[in-house]
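As C-alpha cells, the structure follows; a few thoughts come after it.
The values are calculated or read from the model by the stated rules, or taken from the named source; none is laboratory data. If you're wondering where the values come from, they're calculated on a predicted model, not measured in any experiment. Heads up, the Cβs are rebuilt from the backbone with ideal geometry, glycines too, and the neighbour counts pull from every protein chain shown. When the accessible area is computed, the model is the full protein with side chains, heavy atoms only, and any ligands, DNA or RNA have been set aside. Shrake-Rupley method; radii C 1.70, N 1.55, O 1.52, S 1.80 Å.
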Amino acid sequence: MKKPRFQSPTGMHDILPELAPYFQKIHKTAENTAFFYNFGKIETPILEKAELFSRGIGIATDIVKKEMFVLKTKGGDELALRPEGTAPIVRAYIEHGMVNLPQPVKLWYFGPFFRHENPQAGRYRQFWQFGFEVLGEKSPVIDAQIIQIFYNILKSLRLKDIIVEINSIGDSQCRPYYKKLLVNYFKSREGSLCIDCRRRLRENPLRVLDCKEEKCRRVISQAPQMIDHLCQECHNHFKEVLEFLEEIQIPYVLNPYLVRGLDYYTKTVFEIVSQGESEKRTGSLAGGGRYDALGKILARKDIPAMGGAAGIERIVSLMKEKMIKVSQPYEIKVFLAQLGPLAKRKGLKLLEEFQKRKILIGESFGRDSLKAQMARAHKLGARYTLILGQKEALEGTIIVRDMASGKQDTIKLEKVVKEIEKRLKK
Ligand code: AMP
C-alpha cells in the first residue's frame, strides 16, 4: 500500500481508541493511588525554558545534549519540549512558594514528554509518563514509599515478575572522590572502551557504568563501586531504605551499575524492570531517585526530594504481551435502530432522554437498513434494541427487542426510558 503523504512525525504516534482503555486504566490506577497517599495533581506546561533542563538535568547528559527538542520564540527565548517532569515540578514548587506549605509537598502528574531519541522498541520521541514526587523531606522512608507506590501500581495492573533495581550514587560529600577513583580506573583501560564511553569518561564518567556494550561491560564489572565509597550519611540512608523495603516486602536487587544519567540525582536511585526477556530489550518500566541537589542547582534552595516516573507505552506493551485484559470503560446495553426521516427525528430526541437518565445507548443514524443496524447492535453487545420505524414514529410507540431471546414488545414511546431502566436493573 502506498504510504499517505502525511504521517505522524518519526517516533511519535497516535493513541487510537483501542489503546485508550489501557491509558484510562493506568491513569485510574495511578489516580486512586495518588488519592490514597494524598498526592495533589499538577499539570505543568509542555514547554519550559530550555535552561531549566540544561541546568537541572545537566549540560553533559544525553537528554540535554542530544535529545531535547528546542525552539526559539519570536522574542528570542529558547523553549524546550519538556523531556521529563521533575525539573518543571521543582520549578513550580519554588515559583508558587510551596516551601511555605506544610512539608512534604506531594505531587503527581500524567502527561506527554519528548526526547529526540533513535526510535526503537520501547523508545519514542513523544511518550507518556506518570510520576510521583515528594518535596521537602529527606527521610529515607520517603524513598521506600515512592518505590512502594510505583511497585504497587504496576502490581495492581496485574504485572507479575517485576523487580526493583536499586543503588545509591552518594552525594556531594562522597561522589567527587568516587568519581576520581572511577576516572582513574577507566583511564587506565580507555583502549578497551567504546567511543561513546571515551567521551562519557570526560563528560559524565558515571554514565560509563550504564553502557550496554559487551566490551565495556567487561571493564565495568571490575570497576570500583559507589556503594563501597559512600560517606557515613549516605551509607546510613541507603541502609535504612533497604530495611524499609524489606519491611514492606518489596523484592529488590542491588545494581551497582545503575546511575540513571541525570546530574540531579543524589543517594537512592531505582528502576523497576520486568524480568521477562522482551523487557530486557525495551528497558525499565519506571525509574527515579532522590534529588536533594536540584533545589540548589535551580534556586540555591535546600529542597530534599524524591520521586520517579513510569513509562505508559512500556506498561501498555507489557500488558498486551502478557494478555492482560482491560475492561472497556463503558458498556453499551441498549441500541436504537431507526427507519425513515420521522423516526430519525424522534430518535435524536429520544437519545437525549436516555442521556438525562445516564443510560448509554448506541445508534447508527447514518445507516438506513435495519439489517445493518441490528448487526451493529450485536457487535456492541447490546441487551436490548429499540426499533423505531415510520409506523411507530407516527403512532408514538417503539419496539423493544430482547437480543438474547429475540422476543419483541411494542410500548409507548414516552415510557421506553423508564421501561429500559427497569429491565436493565434485573
Ligand atoms: P526516565 O525519565 O528516563 O527516568 O524514564 C522513566 C520511564 O519512562 C522509563 O522507565 C520508561 O518506562 C519511560 N521512558 C523513558 N524514555 C522513554 C522513551 N523515549 N519512550 C518511551 N518510554 C520512555
Checking Gly261 against (1) within 12 Å of the ligand (Cβ to nearest atom); (2) at pLDDT below 90; (3) more than 25 Å from Ala223 (Cα to Cα), the condition it does not meet: (3)
Qualifying residue in region 303-321 (condition: in a loop (DSSP other than H, G, I, E, B), within 30 Å of Leu285 (Cα to Cα) and more than 16 Å from the ligand (Cβ to nearest atom)): yes
Among residues of region 72-109, those that are under 21 Å from the mean Cα position of the chain (by Cα), over 19 Å from Ala305 (Cα atoms) and away from the ligand (no atom under 12 Å from the Cβ), counted: 2
Residue within region 10-29 that is free of Cβ contacts under 8 Å to residues at least 40 places away in the same chain, in contact with a strand residue (DSSP E or B) (Cβ under 9 Å, 6 or more places away or on another chain) and assigned to a helix (DSSP H, G or I) present: no
Selected residue [open to solvent by 80 Å² or more (accessible area, probe 1.4 Å), without any contact (Cβ under 8 Å) to a residue 24 or more places away in the chain and under 26 Å from Gly311 (Cβ atoms)] from Lys180, Lys187, Lys155: Lys155
Candidate set from region 125-139 (those that are touching a helix residue (DSSP H, G or I) at 6+ places or on another chain (Cβ under 6 Å) and near the ligand (Cβ under 9 Å from one of its atoms)); member that is least open to solvent (accessible area, probe 1.4 Å): Phe127
Those helices (runs of 4 or more DSSP H) lying entirely in region 335-409 with at least 3 residues surrounded by 15 or more Cβ atoms within 10 Å (Cβ to Cβ) and in contact with a strand residue (DSSP E or B) (Cβ under 7 Å, 6 or more places away or on another chain): 341-356, 370-380
Ser274 vs. criteria modelled with pLDDT under 95, under 18 Å from the mean Cα position of the chain (by Cα) and near the ligand (Cβ under 10 Å from one of its atoms): no
Any pair with Cβ under 8 angstrom, 6 or more apart, that starts in region 282-293 at a residue that is away from the ligand (no atom under 11 Å from the Cβ) and ends at one that is of a type in the set (S, T, N, Q) and in a loop (DSSP other than H, G, I, E, B): Ala293/Ser172
